[in-house]
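*Asks:* Quick one: this structure, given as structure tokens, is what I'll be asking you about.
No lab work stands behind these numbers, since they all come straight from the coordinates. Note that this is a predicted model, so its numbers are computed, not measured. No Cβ is skipped: glycine too gets one built from the backbone with ideal geometry, and neighbour counts run over all protein chains shown.
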Amino acid sequence: MALNEQFRQRRSTEMFTQQVAPQCQQERQFLRNQEDLNYAYAKGQLDLQKQQLSLAQRLEFEEKKKQLQISYNAYMQLIFSTVYKNSDGQLMYAISDSEGKNIRSKPLLNIRGYEAILYLSYFSEAYAVLEISWGEQSDQNSVCFLYNKEGISPDTFLKKLKSHGILMLVSGSAEKEAAKALLAYSIENVEEVELPFAYGWNMYGNGAWHFATEDELTMLEVLKNV
């Protein structure tokens, strides 16, 4: 009887283990899966918060940059660049505010003796040529620009000056603005000289006739240098 009872108890234990053990394993697996899901969810929330923070920082940076650009553009609209000749005869480039106060000024060109002459001729067609000269009387150089209906392009003006060795003593970013200011100064302070168009009879702008001889400068000669 004792042996039979032991067998029955052992058998019951085995059957219980076979029934309950798989269920426990399933519960443990479920718990592990749940922990993995909780970890993945928490990590996802943290990553999302980081992304949102990063996006907010980028938006804040872009907004600050935009405001800085607006402020700079507004500031530049209040700034004016001008060219003037100092007491030593040197051209100066000045930056001034809307009230005309100089913020800073410096020499503009790497040459001295800068002068501008506008040659005009009205017969039989109207011509205008701007001549820029520089240097001492004994060693003077010049460059000419055709002044047409559109005027003179600041880009052409700057490029041609450079090709003749005239350099702007300003930063590259300010070079074009300085060229515009120099061109405006040249036109405003130009010496106008009326020329006969060619040798022989020519009519001047006031309607008077003039006979040009070979020892006179004519517009045809000037146009050869444009």
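*Asks:* Looking at the stretch 112-223, send over the antiparallel percent of its DSSP beta bridges, to the nearest 5.
*Replies:* If we restrict to bridges inside the stretch 112-223, about 80 percent are antiparallel.
*Asks:* Related question: Taking the Cα-to-Cβ direction at Lys101 and at Trp209 and moving 7 Å from each Cα, how far apart do the two end points lie in nm?
*Replies:* 6.3
*Asks:* Working out 0.36 nm times the residue gap between Ile187 and Glu115, then minus their Cα-Cα distance, what length gain in nm do you get to one decimal?
*Replies:* 24.9 nm
*Asks:* Using 0.36 nm per residue of separation minus the Cα-Cα distance, give me the extension gain between Ala198 and Lys149 in nm, one decimal.
*Replies:* This chain segment gains 15.5 nm when fully extended.
*Asks:* Give Lys66/Lys162; Lys106/Lys149; Lys66/Lys149; Lys85/Lys162 a once-over and call out the pairs whose C-alpha atoms are over 30 Å from each other.
*Replies:* Check vs 30 Å cut-off fails for Lys66/Lys162; Lys106/Lys149; Lys66/Lys149.
*Asks:* Provide the descending list of Cα extents for the stretch 99-226 along its principal axes, expressed in whole angstroms.
*Replies:* Projected onto its principal axes, the Cα set of the stretch 99-226 covers 52, 35, 23 Å.
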